[in-house]
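Inspection log for the structure reproduced underneath, given as structure tokens.
The values are calculated or read from the model by the stated rules, or taken from the named source; none is laboratory data. Being a predicted model, the structure only gives us computed values, none of them experimental. Areas reflect the complete protein model, heavy atoms only, side chains present, ligands, DNA and RNA absent. Shrake-Rupley method; radii C 1.70, N 1.55, O 1.52, S 1.80 Å.
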Amino acid sequence: KSIQANVALIQRNATVAADIALAKQPVQIVVFGVAALDHHHYHDNKVVVTSGGVARNIAEAAGRAGANVTLVSAIRKGDISHFDCSFCQYVQDETDMPNYQAHYDAFGSVTKESFFDGTQTYNDSLLKAVRTCIHKDRSKKLIILDADLPEPAFDAIEKYLLELPHTTLWLEPTTPTKASRLCRFLPYASLATPNSVELEAMAQTLGIQSDCIEQLAYTIATKTRTTLVVTRGHEGILVATPGNQIKTLHTTPIPLSFPNTTLGAGDTFVGVTAAAWIRLFRMDSSRLVDALSLGMKAAALTVQSPVSVHPSITPEWLDNTY
């Protein structure tokens, strides 16, 4: 019996030591989703190809702000040179299929989209990248999940969340038509950042009805125990926490001398908010609003830029702005 007791004591001590070590680890941001190529068409017929996509933009914004970031995506072999890898790690699986591609006019409006989700080669490649990251290590993570993943990848991530309860999940619905696909993850999620239309799509999937955006956000937050941050462009954001009242944050005014293109602004908001929450506030839920305010200031910068993430966003910018 004494031997069994000693063995049990050693096992408990090992578990406690592992928990302490895990608590001291810096939180890693892992963004699951699509990397895209953005084609910008200007008045002089000049075309500039830049890296884009919701997940990739979020990863770049968080990386620029000083966070430890990994982007998990599938990238075509011939397209990798277009993707800037200097701001985050890439866990990728190369595919022969083209990436999602978006074409924008001089004002930042989408004129043409080509999306290859649904092809078996692309989905298998993306699923392999997801599994590679999941089994790579068991460090503490903030996972940001966009809705552009195939269902098998969602299945793999859901299994991972069940196995590792210390993981924090953030949902980024991406588009109104895809927002409902993330409802399955609401029981695991700490945060979700839909816009108003995406919120309505999620509410419809959950069987929640109301003509009031504030009431929808409050009801979903209370029902799912997930904090909802509803982005509303120049009107700011709504923050609905489970059981608490709605809070409104207003955006930073944009100088009128700059063209008003919102390309990448929402992605910048999510990435910088995540970086600020980890780096400055140690993921303290009571300081989330402070992190959100910094994210909005970063989004205001991106609105003034022709690229998806404003290049002036740096760790120093974040520290000085705070």
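Which order do 158, 198 take by accessible area at a 1.4 Å probe, largest first?
Solvent-accessible surface, decreasing: 158, 198.
Hey, can you grab everything whose amide H is under 5 Å from the amide H of residue 195? Only 5+ residues off in sequence or another chain; H modelled, so Pro and N-termini drop out.
Excluding prolines and chain starts, which carry no amide H, the hits are 231.
Ordering 197, 289 by accessible area with a probe of 1.4 Å, largest first, what comes out?
Final ranking, largest accessible area leading: 197, 289.
Can you work out the Karplus-derived ³J(HN,Hα) for every residue in segment 139-145? Use 6.51 cos²θ - 1.76 cosθ + 1.60 with θ = phi - 60°, whole Hz, and x for glycine or proline.
Result, ordered by residue: 6, 5, 9, 10, 8, 10, 10 Hz.
Through the Karplus equation 6.51 cos²θ - 1.76 cosθ + 1.60, θ set to phi - 60°, convert the phi angles of segment 237-246 into ³J(HN,Hα) values in whole Hz; use x for Gly and Pro.
The phi angles translate into 10, 10, 10, 10, 9, x, x, 10, 6, 6 Hz.
For residue 68, which sequence-distant residues (separation of 5 or more, or a different chain) have an amide H within less than 5 Å of its own amide H, given hydrogens modelled in the peptide plane?
29
Just to verify a number: what accessible area does residue 160 come out at with the full protein assembly present, 1.4 Å probe, Å² rounded to tens?
Here the residue's solvent-accessible area equals roughly 10 Å².
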